[in-house]
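K.L.:
Have a look at the structure that comes next, please.
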Amino acid sequence: MKPRIFIWSILFTTALFWLTTHTHWSLQWFTTPFFRHALQWSEPTSVHGAGLTPEEQNNIDIYKSAQLATVYITSTTVRRDWFYQPVASQSLGSGFLINDDGFILTNYHVVSGSSKIQVTLSDQSQYYATQLDTDRSDDLALIKIKPKKKVQYLRLGDSDHIQVGQKVLAIGNPFGLEGTLTVGVVSSIGRAIDGENEQRLEGMIQTDAAINGGNSGGPLLDSNASVIGINTAILGRTNIGIGFAMPINRAKALLDDYKAGRTTERPKGGITTEYVAGDLAEALGLPRRGGLLVQQLFRGTSEEAAGIRSATQVVDIGNVELGIGGDLIVAIDGKAVDREDALVRAISQKRVGDTINLTVYRNGAALNIPLKLLRPPADVG
């Protein structure tokens, strides 16, 4: 019996040696006869990304260039506590470079009352800034740093030709989160809001691009990477998709005054208006082409001095109250009124002492009224 076991052991060892050294085999080869009809497994094919859409690429390209010119502003103010001891406090905001000399545009409320303004660039280099000029009525400020190297800056666009529905991009430092991009559209134009210290800001751009604390002073850009507004305010304390930007053409006026060595003194409108046209205008007995229907007139203003008439009664149209009986402004300096912010834009391009010519519809007839722009009273704007 033992010789037989020995022989079988020799044969088994020889066969195992031959299989492992002279045959290309695998577990799959061994199990194939048993699972021939089973589902065959194969390695999944690699899936490649579908790529970026043209709009996504546009957003990326704009961000890569614009964020290099967007700055982070830390403003330090000093107040006194109950014991009359100086206490420093800091506020955060944004701004953007407009030339290679280090000129920066931002909001007035970002730097007002500051004893020290610190600017941080995208590469984290820091500079102290000096304040060159301000326009409190439009919440604008021009500050300057002395860059030690070449800096990226933004191109200023034209806010007079923006349209509701066009894409906009906001860049800033909300809640200290540097270089944040949000994207939206122009939701409306010509909005009037109450800014800081109950100051009224007119002709604002409304957008649904998210704007939060720390975004103030940052750029609102169009799809060509041109600045069309300066992010200024939101409705409420947190973002709900309703933000406001100051049109960039207002800042251009500030820059023109600074270059000319003039003191910035911008006139303000002394009336509130509603734009009416088409069927609504006809229903009110007004020209179909429409215009700005005067609602309220403030005392001591240019419009009061010129004899502009406000509404004499209020009617309900749907769920909205509308004042009627006042003047309808149909043209400004000979140009037909075709948008709700037409008067605000016209006044914003003028200085105190300038005159604009209004064409108004009153009692079935057209009248030409010269409007000399006076310094607004303290309780207006």
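K.L.:
Scanning for something hydroxyl-bearing (Ser, Thr, Tyr) and under 30 Å from Pro267 (Cα atoms), does segment 133-151 turn up at least one residue?
P.N.:
yes
K.L.:
Another question about this same structure. How many residues does segment 199-232 hold that are without any contact (Cβ under 8 Å) to a residue 60 or more places away in the chain and either under 15 Å from Gly93 (Cα atoms) or not in a strand (DSSP E or B) (or both)?
P.N.:
6
K.L.:
Of the residues that make up segment 183-202, is at least one of a type outside the set (Phe, Trp, Tyr), surrounded by 15 or more Cβ atoms within 10 Å (Cβ to Cβ) and farther than 29 Å from Gly269 by Cα?
P.N.:
yes
K.L.:
Might you let me know whether segment 110-123 holds any residue that is touching a strand residue (DSSP E or B) at 6+ places or on another chain (Cβ under 8 Å) and of a type in the set (D, E, K, R)?
P.N.:
Checked against the condition, which is being touching a strand residue (DSSP E or B) at 6+ places or on another chain (Cβ under 8 Å) and of a type in the set (D, E, K, R), segment 110-123 yields at least one hit.
K.L.:
Which strands (runs of 3 or more DSSP E) sit wholly inside segment 252-321 and have at least 2 residues that are buried (at least 16 other Cβ atoms within 10 Å of the Cβ)?
P.N.:
Per the criteria, 271-276, 291-297.
K.L.:
I'd like to check something: does segment 304-321 contain any residue that is out of contact with any Leu (no Cβ under 6 Å at 6 or more places or on another chain), on the phi > 0 side of the Ramachandran plot and in contact (Cβ under 8 Å) with a residue 40 or more places away in the chain?
P.N.:
Yes, because at least one residue in segment 304-321 is out of contact with any Leu (no Cβ under 6 Å at 6 or more places or on another chain), on the phi > 0 side of the Ramachandran plot and in contact (Cβ under 8 Å) with a residue 40 or more places away in the chain.
K.L.:
Report, by residue number, each residue of segment 159-182 that is charged (D, E, K, R) and either surrounded by 21 or more Cβ atoms within 10 Å (Cβ to Cβ) or modelled with pLDDT of 95 or more (or both).
P.N.:
Lys167
K.L.:
What about Asp354, is it under 19 Å from Thr273 (Cα atoms) and of a type outside the set (Phe, Trp, Tyr)?
P.N.:
No, not satisfied.
K.L.:
Is it the case that Asp333 is within 24 Å of Leu373 (Cβ to Cβ), assigned by TED's automatic domain parsing to the domain that holds Tyr275 and acidic (Asp, Glu)?
P.N.:
Answer is yes for this residue.
The values are calculated or read from the model by the stated rules, or taken from the named source; none is laboratory data. Only a predicted model underlies this, so the values are computations on that prediction, with no experimental measurement involved. Positions of Cβ are backbone-derived with ideal geometry, glycine not excepted, and every protein chain shown enters the neighbour counts.
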